[in-house]
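Notes to accompany the following structure.
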Ligand code: KG4
Ligand code: ZN
């Protein structure tokens, strides 16, 4: 087994959903190489991710992607210190490809492997570009998750609140479908909203004034559905840009209201956000208004990527986590919580 050196090289592998992503990280932050093969175009024609198809695409892509990533980093597999792979949560078939590949390469190259929780990976995304020490609050808003987590220290987390139904990204994707926009909906709505009036329609802002850190987005989606129906029934052309801008305002206000509540409840002023929805321009603006110390990853590091998995894996390894024996994909893997 390799010892810790000043050239600690971590290979990150992320295959939890529809992106095959690989990266090589040197020590705590220097990205030597990074490649991502997105399946968005493959799944767009189905209007969402088809799990079986995603797994097959990962299988086709993963080894060539690892080859080019190592080549670009100027290293061979045997130079690695650690392989960090997403263990869950995610799609079973997709996770199986990543974990199976990581375990096989670990044997072939005699390099240890560590399984990483995908959500913890997202929590580390802001630290790729900025140094940040706990305690901090982390808003994770993606296609499958919407939650606020308190990090007391690395590896010691408390879940402050989650969504009761849809995730914020899921709400964006469903709203886009309703408006006849392509998948994934978030980036598309974000783009069209720039040309629209966020106050054109008054959508309900879910849970805005409840005293708990909690989210709900299914009612908002229904409100949009009714609004669209009303406009269509009256024979009007859909003001898509205004609908996008107003919908985006409601999602943003719902998320920011709960970040604000979490700050008040905990007294912690270091706030991070990650997950695909953290790439949203309105949310980024609202979180950066100066009420807190906000740490946002660049938009491409908000969505799924392998650098965040490498970094979370490297930190976990350094604090003594060893989970290689019996490592298996877990589609509903929970974040280790202390509260
Ligand atoms: O974190 P991510 O890449 O994958 C999951 O782990 O789910 O997040 C994908 C989600 C999708 O629902 C997508 O529509 C949303 O993030 N998303 C956005 C934006 N970019 C991606 N939502 C709002 N605005 C964006 N700019
Ligand atoms: Zn994700």
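The values are calculated or read from the model by the stated rules, or taken from the named source; none is laboratory data. None of the values given here were measured: they were computed from a predicted structure. Here the Cβ is made from the backbone with ideal geometry for all residues, glycine too, and neighbour counts use every protein chain on show.
Report yes if residue 227 is away from ligand 2 (no atom under 16 Å from the Cβ), buried (at least 18 other Cβ atoms within 10 Å of the Cβ) and without any contact (Cβ under 8 Å) to a residue 40 or more places away in the chain, otherwise no.
Working: away from ligand 2 (no atom under 16 Å from the Cβ): yes; buried (at least 18 other Cβ atoms within 10 Å of the Cβ): yes; without any contact (Cβ under 8 Å) to a residue 40 or more places away in the chain: yes.
It is true that residue 227 is away from ligand 2 (no atom under 16 Å from the Cβ), buried (at least 18 other Cβ atoms within 10 Å of the Cβ) and without any contact (Cβ under 8 Å) to a residue 40 or more places away in the chain.
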Residues of segment 113-133 being surrounded by fewer than 16 Cβ atoms within 10 Å (Cβ to Cβ) and not in a helix (DSSP H, G or I), in sequence order, are 130, 131, 132, 133
In this structure, does residue 174 turn out to be assigned to a helix (DSSP H, G or I), over 21 Å from residue 218 (Cβ atoms), within 11 Å of ligand 1 (Cβ to nearest atom) and assigned by TED's automatic domain parsing to the domain that holds residue 260?
-> no
Can you confirm whether segment 258-269 contains a residue that is within 24 Å of residue 84 (Cα to Cα), modelled with pLDDT of 95 or more and surrounded by 16 or more Cβ atoms within 10 Å (Cβ to Cβ)?
-> no
Taking residue 322 as meeting all but one of (1) within 16 Å of ligand 2 (Cβ to nearest atom); (2) within 30 Å of residue 6 (Cα to Cα), write down the number of the exception.
-> (1)
Pick out the one residue from 314, 291 that is in contact with a strand residue (DSSP E or B) (Cβ under 9 Å, 6 or more places away or on another chain), modelled with pLDDT under 95 and more than 16 Å from ligand 2 (Cβ to nearest atom).
-> 291
Determine whether segment 216-229 contains at least one residue that is under 19 Å from the mean Cα position of the chain (by Cα) and either within 16 Å of ligand 1 (Cβ to nearest atom) or part of a loop (DSSP other than H, G, I, E, B) (or both).
-> yes
Of the residues 182, 206, which single one is closer than 19 Å to residue 280 by Cβ, surrounded by fewer than 18 Cβ atoms within 10 Å (Cβ to Cβ) and modelled with pLDDT under 95?
-> 182
Number of positions in segment 275-300 that are within 15 Å of ligand 1 (Cβ to nearest atom) and at positive phi | 1
When restricted to 50, 113, 99, 68, the only residue modelled with pLDDT of 90 or more and in contact with a helix residue (DSSP H, G or I) (Cβ under 7 Å, 6 or more places away or on another chain) is 113
Kindly check whether there is at least one residue in segment 126-147 that is farther than 28 Å from residue 191 by Cα, touching a residue at least 40 places away in the same chain (Cβ under 8 Å), touching a helix residue (DSSP H, G or I) at 6+ places or on another chain (Cβ under 8 Å) and within 16 Å of ligand 2 (Cβ to nearest atom).
-> no
